[in-house]
Every structure is written in C-alpha cells, then in structure tokens.
1. Quick one: order ILE266, ILE29 by neighbouring beta-carbon count within 10 Å, fewest to most.
2. What's the ranking of 103-116, 37-50 by average number of surrounding C-beta atoms within 10 Å, highest first?
3. Return ARG260, ARG296, ARG232 ranked ascending by Cβ neighbour count within 10 Å, so the fewest neighbours appear first.
4. According to the square roots a ≥ b ≥ c of the eigenvalues of the Cα gyration tensor, what is the shape class of the range 116-187, taking rounded for a/c under 1.5, prolate for a/b larger than b/c otherwise, and oblate for the remainder?
5. Distance check, please: which entries in LYS78/LYS303; LYS78/LYS163; LYS229/LYS279; LYS121/LYS282; LYS221/LYS281; LYS49/LYS229 exceed 31 angstrom between their Cα atoms?
6. Hey, what do the phi angles of the range 114-122 turn into as Karplus ³J(HN,Hα) couplings, whole Hz, using 6.51/-1.76/1.60 and θ = phi - 60°, x for Gly and Pro?
7. What is the spread of the Cα atoms of the range 272-337 along each of their three principal axes, largest first, in whole Å?
8. Which three lengths, in whole Å and largest first, does the chain cover when its Cα atoms are put on their principal axes?
Amino acid sequence: MNSTKDQNLPDNYSVKPPSQLCNETSESIIDLIIPVDCAGLRLDQALAKLLPNWSRGRLQTWITEQRVLLDGQTTTVKQKVWGNERIQITPHETVTESTHSAEDIELDIIFEDDTIIVINKPAGLVVHPGNGNWHGTMLNALLHHAPQLSNIPRVGIVHRLDKETSGLLVVAKTIEAQTSLVRQLQHHTVKRDYMALVLGEVEFSGAVDAAIGRHPVQRTKMAVTVKGKPARTHYQPIETFEGCTLLQCSLETGRTHQIRVHMQNIGHPLVGDPVYGGKPKKTQPTVGQLLIRFTRQALHAQKLALTHPQSKQIMQWEAPLPDDMHQLLQTLRELSQ
C-alpha cells in the first residue's frame, strides 16, 4: 500500500503494510506525528481529531489494549500530547467486521484507481450488512472485487444510500483516502446531487434547514426534531407534472433518510416512499394509479463531486436515471400532453 499525503493530515502520516514491519502481522500499522495544533489534548481526543474514520470509543479501546504506542511506549487514554510525538497504531476490527464474507456480486463501477472506487448502486442493493441483511450487500461485493479492502475500516465505505435509493457512492481503497473523504464529508465539500420525484407541485427553489433525529415513538424512522443533528437540503424544481414534481436535491449534510424526511416535512413526500410517503392528490385516476404503483422511493444519487485524495484534483461523476425512474417520467410526460 503506497502512502499518500492529504492536505489535512499531519506530517509523516503513513500506513505501513505487513512487509515493512519489524514484527510481522496481518494488520496495517498507522504511523503519524501529532501536530502542534493538538497540543494540550488528551491522546484519545487528538486521535479522534486526526482519524475521523474511527469512533473515539474504538480508539480508546485500542489504547487500553496497548495497540497504540506513544514514542514507542504503551500509554493511557488520558495521556496529554504536546505536538511532535510519534504515534503508532495497530488497528483491530471487531469480530463482526472481520468475518464478513466476499460474494461474487456484480458492481456497476463508474471509476476506479488505486485510491478510490465510484459505484453506481442499483435500487434494492443494501450497502452494509445488518438488520437481517447479512449477505448480498455492496460490502460483500466489494470484498470480492478488491480483497485488500478487508484491511480498511468498514471496507472503505464512507457514506451510504438507502437500500431502495439508486446512484453514486464513493469507496476508499486506502486508510489515507478514507480519512480524506471522511473529512471532506464533515466539511461539506463533497457535492451530492439527487433527482427526486415528489408528490405535489413545487413552484420555487428553496432549502430545508431542520434537524433530524430518531422518531420519538417509531424508532425505525427518522424525523425532524429539535433534539436531532443539523441537516440542510437544497431543492430546485426541474420538471412539473400533474400531481408531482421532479426536483434536484443537493445535500449539505448527510443524515439518515435526509431527503425523504425533509421533503415529507415540507408537504412533498417522495413518490413511492413506503415509510415517509403519502397518496397523490388532485390527479386524474390514471396518473394517481401510476404514482401509487411505483413501489420504491423515487430517489437517485445522480451527481458526485469531490477532491481526489491523492491527486487533489476536483473530480465529478454522473449516473443516468435508472430504468424504472426513466420510464415513470416518460409515461408522465406522455400523459401530460
């Protein structure tokens, strides 16, 4: 694994493959120097700031398991750092993470190099195992396509799409790339544009700025709530039909079900959404039945733009609408004539 430099990473950050280690191990070692702007922080706080692709709890566990060396010595979570200390970390994933199986599942790869993979995910494909979907996921497919991803947290996945949402996702192939992409997502510099068909006629562009958290009663759902995390979605009408509107939605944040929840909140739920949707109003029977028969949320991640973790060039990709959404729009156009 070649080490690359990220403009936000501390100097001398690297990830060493087993062949370069004095003590042979099957795990990669993260080798970095604490930057001076972390002076005065506890070790776990500094590491959480420098390595956002891992949770602070995970980093604390590794410190207590003596998987973190400070200037060559084991240390404690509360140890203060003052800058220029050398940190060496031997990551260790949980049993669940390490036992995901590789499965020969076809992936629609839009772009791939030694650093990242951009995938056009079809509707119906789960991104990460869980909640009864332990096989047949994009993660399983990635492990088959690129087995070295087993050494990357969450197999390089840095953001997700709902099972029935189609479109573009980026996956990191190195820990450095993953750290860069996570930081770009945190700083809202990754551009993600979606095409969404919503119920009702939307006349003007706008933005929804409303915090999203777990629904207070239905815990499998998300909702706009004062106790939630900040979330902001921009929307722009692209095409208007009887009883529905095609919108371009752009995310500033990436909360679970964000577009679906925000559109429901302003009275324009997505067509076909089984969780947050509604029934068509004031439409001809033919149009109403057409919209009702669309059985997944009409949402497609169409555009993705980001700074390449290695080259630092701005890159952008676009995925055409999937057949089901394309056909629905074509039929709506014909009925409107």
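1. Ordered from fewest to most neighbouring Cβ atoms within 10 Å, ILE266, ILE29 come out as ILE266, ILE29.
2. 37-50, 103-116
3. ARG232, ARG296, ARG260
4. oblate
5. The answer is LYS78/LYS303; LYS78/LYS163; LYS121/LYS282.
6. Rounded to whole hertz, the list is 6, 10, 9, 10, 10, 10, 9, 7, x.
7. Principal-axis extents of the range 272-337 (Cα, largest first): 54, 30, 18 Å.
8. If we take the Cα atoms of the chain, the spans are 73, 43, 38 Å.
Laboratory data are not the source of any read-out in this text; all were calculated from the coordinates shown. Since we're looking at a predicted model, the values are computed, not measured. Reconstructed Cβ throughout: ideal geometry from the backbone, glycine too, with neighbour counts over all protein chains shown.
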